Structures are given as C-alpha cells and as structure tokens.
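What follows is a single structure, written as structure tokens, with notes after it.
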Amino acid sequence: MKTITYKNQIFEVDFDRTKEVYDNIQFSNLFSCNCHGCRNFLVNRENIYPKEVLNLMIQLGIDYKKGSELHHICKIEIGKHLYGGWFHFKGRILENGNELTETETIEVNEDFKFFFKRDGSLSFFDKEEHNQIMQLEILAHSDWVLEKELELD
Ligand SMILES: [Zn+2]
C-alpha cells in the first residue's frame, strides 16, 4: 500500500495492482466508440485534464487514456460540451482518519470536476476485489474541435 495526499484527503492505494490492471487493458477496447461525441473528446483529450488531476491519476496507478467509460452528456453552449468518465483504483480514501465511501466533488476549475465513490462494479478489476475499488468520476467540459457540421446537440 502506498500513501498519497491530495488536498485534505489521504489515499491508500495498492499501486502495483492498479497499475497491473491498467497495463493489461487492451487499449483498443477502450474509449473506442466511434461516435462524434467520443471522438471529439479523444481528439481534444490532452487539453481537458488539469495537470494536478493527471498527477494524482499517475500516483494512483491509473492510466488516463484507459478509462472504463466515457460519455457525452450534453451541449452546454455552441462549441462547448459536458462529458462524464470513470476510472478506478484499488484502495481507500481517508479524511480526518475516517474512511470515505464517497467524496465531495472537487472543482479543479470551472471546466473540470471530479469525485470518488466506492464502486468497483464497472471496473476492470476482478470481481473478488470489487469491494476494495474506488471509482474516480470526472465531469469535464471540452471544446468542440471536430468539424462544425458534426457538432452534437
Ligand atoms: Zn461514443
């Protein structure tokens, strides 16, 4: 178990196991939906994640290119869209010594929020581990970077 601190939370993570699971995910199966909404996120991905979130994900053993799920939620305004996505790590989160099953939403900036909850049901971890998995859920804005005619409503 490795200990990481982020803001007022302490993460205890089985880094080796988390990294092993991510390393074994076949990239082609992931984020591979070909719809315009998903493609737009992928093309713009490097502009979406704040550095501090990428740093945290790396420390947790999460590969941000291999989320379990990505979905286009809605158009906020012309050229700006809201997405949701899920990632997982094996471990737990403590706050003031208490274990959290769900964190408050952390607003990194007006375009990127995330929170954690204990839920391994949609993860790539083995079923026997699901009760030790935390889900990192992102809510992120992305500009529309594909051709204008393809923009979703
Ligand atoms: Zn899609």
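We did not get these values from a lab; they are worked out from the coordinates using the rules stated. On a predicted model such as this, the values are computed, not experimentally measured, just so you know. Cβ coordinates were reconstructed from backbone atoms using ideal geometry, including for glycine residues, and neighbour counts include every protein chain displayed.
Table for the structure above
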| read-out | value |
| --- | --- |
| Helix-derived mean residue ellipticity, 222 nm - over the chain, DSSP H n ≥ 4, -39500 (n - 2.57), to 500 | -5500 deg cm²/dmol |
| Viscosity 1.306 mPa s, temperature 10 °C, Stokes-Einstein D of the chain from Kirkwood C-alpha radius, µm²/s | 99 µm²/s |
| Charge tally in the Cβ shell below 11 Å around Asp14, where Lys, Arg are +1 and Asp, Glu are -1, Asp14 excluded | +1 |
| For segment 84-89, Karplus couplings with θ = phi - 60° (6.51, -1.76, 1.60), whole Hz, Gly/Pro x | x, x, 10, 9, 9, 9 |
| Within straight-line cross-link reach of Lys19, aspartates and glutamates at Cα separation under 13 Å, skipping those fewer than 8 residues along the same chain | Asp63 |
| Net dipole in debye of the chain [+1 Lys, Arg Cβ; -1 Asp, Glu Cβ; about Cα centre; nearest 20] | 220 debye |
| Segment 31-120 - Rg over Rh from alpha carbon coordinates, Kirkwood radius | 0.98 |
| Above-threshold pairs, the threshold being 24 Å between Cα atoms, out of Lys7/Lys75; Lys66/Lys117; Lys117/Lys148 | Lys7/Lys75; Lys117/Lys148 |
| In degrees, nearest ten, helix 15-24 long axis to first principal axis of the chain (Cα) | 40 degrees |
